[in-house]
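One structure below.
The values are calculated or read from the model by the stated rules, or taken from the named source; none is laboratory data. Given the structure is predicted, the values throughout are model-derived calculations rather than measurements. Note that we place each Cβ from the backbone using ideal geometry, even for glycine, and neighbour counts take in every protein chain shown.
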């Protein structure tokens, strides 16, 4: 089954404790991206990657890092989480040139 | 940067009634337009998209949207809604040749009542 898998699905953590949200896709897509969803704001793009070792900032990259060492994986790293990063996070992938995003089920992160 | 506006945060409608969800975007330069649907506790799924060609695009479940360049709009319509259409709908815009950057609206919750 074609899918985008995120882990963990739910996480409660404390300010400053580094965490990583993993994202993996099995569709051999070149493009992957991360979004955060907040009430009344819709989805905002954090980072995207056009291919292995190629990443770039979206609209709200502050406080986040990403890496793309393998085509299937695109982890989101919060080096020092803060309460304003409490949000619902989505990873998505796409075949190059189609514009159709395939989303994971989301990771709900709470930073206390 | 692009901005996407969905003026209606919630739209209540009775089953079998028509519905229109509105979407406007800020720049018409080389844009590609999408509607995504999000069912409760799920990720988003593509409903329909406009890349080029006919300005009227349709989905497999009866939704349609029309690209209007002069009004910078991409409204979503359905002539007769079902209970199962209850979900949140997001309009999205991508710019550039590589679909690398995406801008989403704030979403419209469609609540279909029996």
* Asked: Quick one: is residue A:69 over 18 Å from residue A:104 (Cα atoms), at pLDDT 95 or above and exposed (fewer than 15 other Cβ atoms within 10 Å of the Cβ)?
  -> yes
* Asked: Looking at this structure, is residue A:84 more than 10 Å from chain B (Cβ to nearest Cβ), modelled with pLDDT of 95 or more and surrounded by fewer than 21 Cβ atoms within 10 Å (Cβ to Cβ)?
  -> yes
* Structure fact -> Cβ pairs under 6 Å, 6+ apart or interchain, first in the stretch A:14-30 and assigned to a loop (DSSP other than H, G, I, E, B), second exposed (fewer than 11 other Cβ atoms within 10 Å of the Cβ) and at pLDDT below 95, ordered by first then second residue, are A:27/A:2
* **Number of positions in the stretch B:12-45 that are in a strand (DSSP E or B) and surrounded by 17 or more Cβ atoms within 10 Å (Cβ to Cβ)** => 14
* Structure fact -> Checked the stretch B:1-11 for anything in a loop (DSSP other than H, G, I, E, B), closer than 26 Å to residue B:83 by Cα and touching a residue at least 40 places away in the same chain (Cβ under 8 Å); matches are B:6, B:8, B:9
* Hey, residue A:45 hits all of (1) under 21 Å from residue B:2 (Cα atoms); (2) more than 10 Å from chain B (Cβ to nearest Cβ) but one; which does it fall short on? -> (2)
